[in-house]
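What follows is one structure encoded as structure tokens, with my remarks underneath.
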4 protein chains.
Amino acid sequence: MGSTWGNRIKLSLFGESHGEGIGIVIDSLPAGIELDMNYIRQQMARRAPGNSSLATPRKEDDEVKILSGIFEGKTTGAPLCGVIYNNNIRSKDYSILKDTLRPSHSDYPAKVKYLGFNDYRGGGHFSGRITAPLMFAGAIAMQMLQEKNIVIGSRIKSIHKTSDVRIDYSNINETLLKKLKEMAFPTLSEDISNAMEDEIIYAKNSGDSVGGVVETYIINVPAGLGQPFFHSLESQIAQIVFSIPAVKGIEFGEGFDIAMCKGSETNDPYTLENGKIICTQNSNGGILGGISNSMPIVFRTAIKPTPSISLQQDTVNILDMKNTKLKIEGRHDPCIVPRALPVIEAAAALVLLDNILEREGEVWKN
Amino acid sequence: MGSTWGNRIKLSLFGESHGEGIGIVIDSLPAGIELDMNYIRQQMARRAPGNSSLATPRKEDDEVKILSGIFEGKTTGAPLCGVIYNNNIRSKDYSILKDTLRPSHSDYPAKVKYLGFNDYRGGGHFSGRITAPLMFAGAIAMQMLQEKNIVIGSRIKSIHKTSDVRIDYSNINETLLKKLKEMAFPTLSEDISNAMEDEIIYAKNSGDSVGGVVETYIINVPAGLGQPFFHSLESQIAQIVFSIPAVKGIEFGEGFDIAMCKGSETNDPYTLENGKIICTQNSNGGILGGISNSMPIVFRTAIKPTPSISLQQDTVNILDMKNTKLKIEGRHDPCIVPRALPVIEAAAALVLLDNILEREGEVWKN
Amino acid sequence: MGSTWGNRIKLSLFGESHGEGIGIVIDSLPAGIELDMNYIRQQMARRAPGNSSLATPRKEDDEVKILSGIFEGKTTGAPLCGVIYNNNIRSKDYSILKDTLRPSHSDYPAKVKYLGFNDYRGGGHFSGRITAPLMFAGAIAMQMLQEKNIVIGSRIKSIHKTSDVRIDYSNINETLLKKLKEMAFPTLSEDISNAMEDEIIYAKNSGDSVGGVVETYIINVPAGLGQPFFHSLESQIAQIVFSIPAVKGIEFGEGFDIAMCKGSETNDPYTLENGKIICTQNSNGGILGGISNSMPIVFRTAIKPTPSISLQQDTVNILDMKNTKLKIEGRHDPCIVPRALPVIEAAAALVLLDNILEREGEVWKN
Amino acid sequence: MGSTWGNRIKLSLFGESHGEGIGIVIDSLPAGIELDMNYIRQQMARRAPGNSSLATPRKEDDEVKILSGIFEGKTTGAPLCGVIYNNNIRSKDYSILKDTLRPSHSDYPAKVKYLGFNDYRGGGHFSGRITAPLMFAGAIAMQMLQEKNIVIGSRIKSIHKTSDVRIDYSNINETLLKKLKEMAFPTLSEDISNAMEDEIIYAKNSGDSVGGVVETYIINVPAGLGQPFFHSLESQIAQIVFSIPAVKGIEFGEGFDIAMCKGSETNDPYTLENGKIICTQNSNGGILGGISNSMPIVFRTAIKPTPSISLQQDTVNILDMKNTKLKIEGRHDPCIVPRALPVIEAAAALVLLDNILEREGEVWKN
């Protein structure tokens, strides 16, 4: 059941990088939502490859064909299935990789789990490409959240050793998030943005890759969403964010830095502002006891360097069971961070939508 | 459904800090497991309060009464319910906290979510005390994993600004893990252990609290456990670990540091060792594509400073809707890290057990 | 996961007939519900043994001890755990049954499934006694449904060969349901009620047992509850009703009789009554396409004769693997139908409550 | 979440009768299963319309396009998505039905649930056509069960008032099941088969429809499959069978007849046969306590007359809110029983497969 998700809405993700198509079924969306296909395409374009000199020049046609769940432009309440057909496949690129394990990829554990029957081409079901339908589902969720004034945005916090400036987590506004969403390489400081791009180009030119950190903000979340324990908002967001390939860490509010603090520093004091309870700082990233407290939800996601590099690597050929060398040719992202960023937003949006439906029931109110 | 968890086994956690009792139902444990109650008590004692000058002197009787699922000392295959009755309750301690929101606690969001009907005494269902039955379930899981030679151990990686030394993630052995498990304050370097204890005592004496980081290792995990996407091992472990109160971050392998690296540095090369495929380093912490690759699983958990401090804090009285000051009296942990450590292990053990049952079916083989 | 249930609320049922105790955890009940313990006890008494010459004289103390989820008489929103301790246990009654398979009981398949580790005493977790906590949960649901004017009632449709008179399914009112609920042996015709009781007494006196059929009605259900396909109201009700021991069939509306009809006879025509859409007949029992249509929900449940009889039976001793004879001594119900009846109502109430929460969200409105 | 199902495998069913396409995602099928597409097509053909003078002459192209989860002819272990594109759609047939509620169809409750946004054409997601992808999934399950020697077959037990002869439930063999599967109109008595067909033709000619009962057998099921309580085999089979449109009842073994019996008649005695424990009769239909006992699983499903009839019916126009008359023109099945029969088998096969995976784990053994 690895590829199904959700409590109130249910996602069923399918597809392999070089199969017939990839897609997602979204069960139990509320009826009567008018999909803004322009907005959805725009969100999906943020993830799509081929849009920048920093990403793979590989073109993928991420046009979603909706097979069900829409009638006269609106959701019917029945399961919505969106499919992206795989048209631009170059399977021969991968044939030499059949038995040579690519380090840091899923190749080896997938081969063991699936007894060698998994589709190894392009990582198969483990490919980052499978996040395209997740992005589609998340774009629908983001559209719906906007009807409730809930806005999600992210910036690139760091690429390799280069970091963006600090921000006050208690004071994040819609203007900033909109601006970030329009930037191809969203950072607070433009200078640092350029330095980050240089890091990526340098890695690309040396046949290497780099990782980075994405920082995500969700504002106008009402207090009271979430659950205690196993379905805390942190648990839910972490679960879905870790399903994005290359993610190796997540932290909320001050995260790992909070562990180096004192309670007197990181206990966020309450105060009244215009009759509303707010915190004067936001070390906890908008979540206490697993439940939203109305402050901005803030979390950071650590993304590893793309495992596909053209430098020579040591590995094993599993057919001969012999040590061997590997150079991965092809059109790869030297840094997956900018393309992972919108997927993280999409994933978080799905969590918020699920919790709102849990709270408010199945009739959508906006 | 916040307090239910699991795919193959199902946990149902219940109880409030100052109610009649707390407990857990564990559904679908395999039949025929002989519970080692000494081992289980020993594991639970690691979490229990009152064991150290570094922790709350509050005594809690964490003796588990098993109501079902055991017959003649062995699991029957029917749901196992374990209850800890709340005997040592001092409810009046909390009466003044009814309307005064404790910063960094669940008080405010819980009040909104539950419309004010939640049991506010001691945090109610959000109390850290509710991890005692989780520890019980996890201790059963740890016992079962040991029958498959899978061992879990942890060390305190840091307390406040004091950090333990680095370890090679590709080379962690059972001897080390056993040693760590026997230490009240497990670290690699004894000197640093003392410095950490000083940090805690200093915080305690100043009415403050400190956070820290726990690093957890799981060895001898066979390759092929886990799922792609939403139920990746990272997703599953993160989900359950974030249900432990005070956790604000989790990272696997090199985690956030991997984001500052190049692919050529963190792609873990494969090699053959005695005919077995291993990695010569373990930046990915034993998980690739969400599935175990037979290397040690390594993750770190960030824990915030205990929110209950006796220093004066700014907050709001929700009854009058007025700003007010708060000093939390009582017997609190100046640092929850040492007591959270075994709960993290317990949580991870439950994930591993669930995945083994998924892989191997309901008849337990050892 | 056999003993967990639910979408919006989650039940976790535990206990064995002769263990320490039996109980249930109800997760995600709305907060702020004031439990009417008199009503709940009254409902539970309907199921309890020892109340009638028609049932087992065995006394069971079905007093529920609530361990969590209630504060100042109201639900807190946290999991509610109710336990019934097993006080009146006579385990030696069962020792001779350890290896002799009781026909029509779960003994044999349970032994295979649980490798012989199941608690065989009194059927263990398969005992009808485990329906007591289910009755408790269902009584809470029934109380809540009443706040929405939804009322559930049942009659005994038949015992052995004796059947009650026919009723018009489109015209069932609250007065009737209340009257049925107050009868120890609820039927429409009092004469038939006496004849049914005679059937039971005759069976009892001859060391035998008899089965029967329960007919259940749920009125004032709003249109639009339920789901298509796998979670149709019929699917949901059938799933939970088949969890009641001894149930062997369920049918909705005209049920198996509808299969002997023509469409022109059983298509329920719509008409307007006081501006409201109703059906002029109710062959479909209030459910179309898996969703309520505002007509009374009507279903019948077939219950087999109690398998425990004192007549001699052929069976196998599984220790020697030899054919043998068995006479079951002890205090058994000659007919379980009257005691199963309230459990069926409880089960149906839980389904309705779950669907209302799905529809309306987690804040209870009445 | 109405259209998702399963514990170990997860189904996600999607599609509307007159939308772009219908299909299913099957998550967590074991890897390495070589799909026998001929067998699968053959099974699907049993359900497809246009094959008989007794069914609708409407032609539907039920060719499944597999988008994922298959590589080199075998399952990869990743989610398998099968799609049937809707090519032969005549949507104008339905335009007059937009506001006129068809009696006994889902039209009215669906309109309420989905606030009028559901696709009303041909019943939308509630169409019997959506069982085609369920048949596809079930055919895969049936193929896999055969590798374990588990065989499923059914006969038409009755059509309208005409019933087939009785069979001994304790003695059902593979030869019979194979023979039944090859018959277009499977019954034990050929004469009765003809009489049943006459019933259908008579109904058809008079613009009416008839219902009937299907009896299903599953043989060679090992003892020990299933769960207690909420996931009893009966609960699981009933849940999925009630998702098939037009089903109004289900009963196991002697079913409702058992309710008219004495325990001494229906307690199935055990005996040893060639060292194996069997029952000498099978009133319980192979399931005790929710768990298989190795006897044939036997159940009957009641199917109502097709609601679409060309006779005039009373109903309401929901736009004007006025009483009106309705005649449903078009190509409808006068009796859906023969086409529902293979879907019932498919549904039961999915339950068995799920339970075998629960028992045996994710590596398929045959």
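The values are calculated or read from the model by the stated rules, or taken from the named source; none is laboratory data. This is a predicted model, so every value here is computed, not measured. For neighbour counting, all protein chains shown are included, and Cβ atoms are generated from backbone atoms with ideal geometry for every residue, glycine included.
The numbered conditions (1) at pLDDT 95 or above; (2) away from chain C (no Cβ under 13 Å) are all true for residue D:87 except (1).
Checked against (1) touching a Ser or Thr at 6+ places or on another chain (Cβ under 8 Å); (2) at pLDDT 95 or above, residue C:49 meets all criteria but (2).
Considering only residues that are under 20 Å from residue A:310 (Cβ atoms) and not aromatic (Phe, Trp, Tyr), which ones fall in segment B:259-280? B:261, B:262, B:263, B:264, B:265, B:266, B:267, B:268, B:269 - these are the residues of segment B:259-280 that are under 20 Å from residue A:310 (Cβ atoms) and not aromatic (Phe, Trp, Tyr). Considering only residues that are crowded, with 24+ Cβ neighbours inside 10 Å, small (Gly, Ala, Ser) and in contact with a helix residue (DSSP H, G or I) (Cβ under 6 Å, 6 or more places away or on another chain), which ones fall in segment A:335-365? Correct list: A:346, A:347, A:348, A:349.
Contact map, segment A:97-123: first residue farther than 21 Å from residue B:265 by Cα, second residue among the aromatic types (Phe, Trp, Tyr) and part of a loop (DSSP other than H, G, I, E, B), Cβ cut-off under 6 Å, separation 6 or more or different chains; pairs are A:98/A:120. Within segment D:120-166, restricting attention to residues that are in a helix (DSSP H, G or I) and β-branched (Val, Ile, Thr), the residue that is nearest to residue D:302 (Cα to Cα) is D:131. Return a yes/no flag: does segment A:213-224 have any residue that is facing chain B (nearest Cβ under 7 Å), of a type in the set (A, V, I, L, M, F, W, C) and within 30 Å of residue B:246 (Cα to Cα). Yes; the residues of segment A:213-224 include at least one that is facing chain B (nearest Cβ under 7 Å), of a type in the set (A, V, I, L, M, F, W, C) and within 30 Å of residue B:246 (Cα to Cα). Within the group B:8, B:41, which residue is at pLDDT 95 or above and within 14 Å of chain A (Cβ to nearest Cβ)? B:8 is the lone residue from the list that is at pLDDT 95 or above and within 14 Å of chain A (Cβ to nearest Cβ). If you go through segment A:120-129 and keep only what is at positive phi and facing chain B (nearest Cβ under 8 Å), you end up with just A:123. For residue A:189, the stated conditions do not hold, so it cannot be described as at pLDDT 95 or above and either of a type in the set (S, T, N, Q) or under 25 Å from residue A:267 (Cβ atoms) (or both). Being acidic (Asp, Glu) and under 30 Å from residue C:113 (Cα atoms) is not true of residue D:329.
Note on segment D:133-170: residues that are closer than 30 Å to residue A:25 by Cβ and in contact with a Gly (Cβ under 8 Å, 6 or more places away or on another chain) amount to 3.
The rows are residues; the columns are (1) within 14 Å of chain A (Cβ to nearest Cβ); (2) among the acidic types (Asp, Glu); (3) within 26 Å of residue C:257 (Cα to Cα); (4) free of Cβ contacts under 8 Å to residues at least 60 places away in the same chain.
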| position | (1), (2), (3), (4) |
| --- | --- |
| D:144 | no, no, no, no |
| D:149 | no, no, no, no |
| D:152 | no, no, yes, no |
| D:161 | no, no, yes, yes |
| D:164 | no, yes, yes, yes |
| D:172 | no, no, no, no |
| D:176 | no, no, no, yes |
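Scanning segment A:74-82 turns up at least one residue that is closer than 17 Å to residue A:32 by Cα, at pLDDT 95 or above and surrounded by fewer than 23 Cβ atoms within 10 Å (Cβ to Cβ). Taking the condition modelled with pLDDT of 95 or more, crowded, with 24+ Cβ neighbours inside 10 Å and of a type outside the set (Val, Ile, Thr), does residue B:224 pass? Considered against the rule, which asks whether it is modelled with pLDDT of 95 or more, crowded, with 24+ Cβ neighbours inside 10 Å and of a type outside the set (Val, Ile, Thr), residue B:224 comes out as no. Among what's in segment D:142-172 and is among the β-branched types (Val, Ile, Thr) and farther than 25 Å from residue D:286 by Cβ, pick the residue that is surrounded by the fewest Cβ atoms within 10 Å (Cβ to Cβ). In this case the residue turns out to be D:162.
Just one of the numbered conditions (1) crowded, with 21+ Cβ neighbours inside 10 Å; (2) in contact with a Leu (Cβ under 9 Å, 6 or more places away or on another chain) is not true of residue A:207: (1).
Residue by residue, here is whether (1) touching a residue at least 60 places away in the same chain (Cβ under 8 Å); (2) closer than 25 Å to residue B:287 by Cα holds:
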site	(1), (2)
A:236	yes, yes
A:242	no, yes
A:245	yes, yes
A:249	no, yes
A:258	no, no
A:263	no, no
A:271	no, no
A:274	no, no
A:279	yes, no
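Counting only strands (runs of 3 or more DSSP E) wholly contained in segment D:220-300, the ones carrying 3 or more residues that are farther than 15 Å from residue D:344 by Cα occupy D:270-273, D:276-279. As an exercise: evaluate residue A:288 against (1) more than 21 Å from residue A:158 (Cβ to Cβ); (2) more than 8 Å from chain B (Cβ to nearest Cβ) and give the number of the one condition it does not meet. Here residue A:288 clears every test but (2).
The number of residues in segment D:302-351 being of a type in the set (Val, Ile, Thr) and either over 27 Å from residue D:202 (Cα atoms) or facing chain C (nearest Cβ under 9 Å) (or both) comes to 9. Residue selection: residue C:193 satisfies the criterion of being polar (S, T, N, Q), surrounded by fewer than 22 Cβ atoms within 10 Å (Cβ to Cβ), under 22 Å from the mean Cα position of the chain (by Cα) and not in a loop (DSSP other than H, G, I, E, B). Checking every residue in segment B:308-328 against the condition of being basic (Lys, Arg), crowded, with 23+ Cβ neighbours inside 10 Å and not in a helix (DSSP H, G or I) gives zero matches.
Please enumerate the residues belonging to segment C:229-272 that are at the interface with another protein chain (Cβ under 7 Å from one of its Cβ atoms), buried (at least 24 other Cβ atoms within 10 Å of the Cβ) and among the aliphatic types (A, V, I, L, M). Selection gives C:238, C:240, C:250, C:258, C:259. Just wondering, is there one or more residues in segment C:133-141 that are within 17 Å of residue C:332 (Cα to Cα), crowded, with 24+ Cβ neighbours inside 10 Å and of a type in the set (Gly, Ala, Ser)? Checked segment C:133-141: no residue is within 17 Å of residue C:332 (Cα to Cα), crowded, with 24+ Cβ neighbours inside 10 Å and of a type in the set (Gly, Ala, Ser).
Within segment D:102-119, the set of residues being more than 7 Å from every other protein chain (Cβ to nearest Cβ), assigned to a loop (DSSP other than H, G, I, E, B) and closer than 17 Å to residue C:278 by Cβ comprises D:102 only.
Do we find that residue A:283 is more than 8 Å from chain B (Cβ to nearest Cβ) and small (Gly, Ala, Ser) in this structure? No. In segment D:11-38, of all residues being within 8 Å of another protein chain (Cβ to nearest Cβ) and hydrophobic (A, V, I, L, M, F, W, C), the one that is surrounded by the fewest Cβ atoms within 10 Å (Cβ to Cβ) corresponds to D:31. Any chance segment B:52-68 includes a residue that's in a strand (DSSP E or B), more than 24 Å from the chain's Cα centre (by Cα), of a type in the set (Lys, Arg) and modelled with pLDDT of 95 or more? Checked segment B:52-68: no residue is in a strand (DSSP E or B), more than 24 Å from the chain's Cα centre (by Cα), of a type in the set (Lys, Arg) and modelled with pLDDT of 95 or more. Considering A:358, A:345, the condition of being closer than 30 Å to residue A:77 by Cα, among the acidic types (Asp, Glu) and in contact with a Lys or Arg (Cβ under 6 Å, 6 or more places away or on another chain) is satisfied by A:358 alone.
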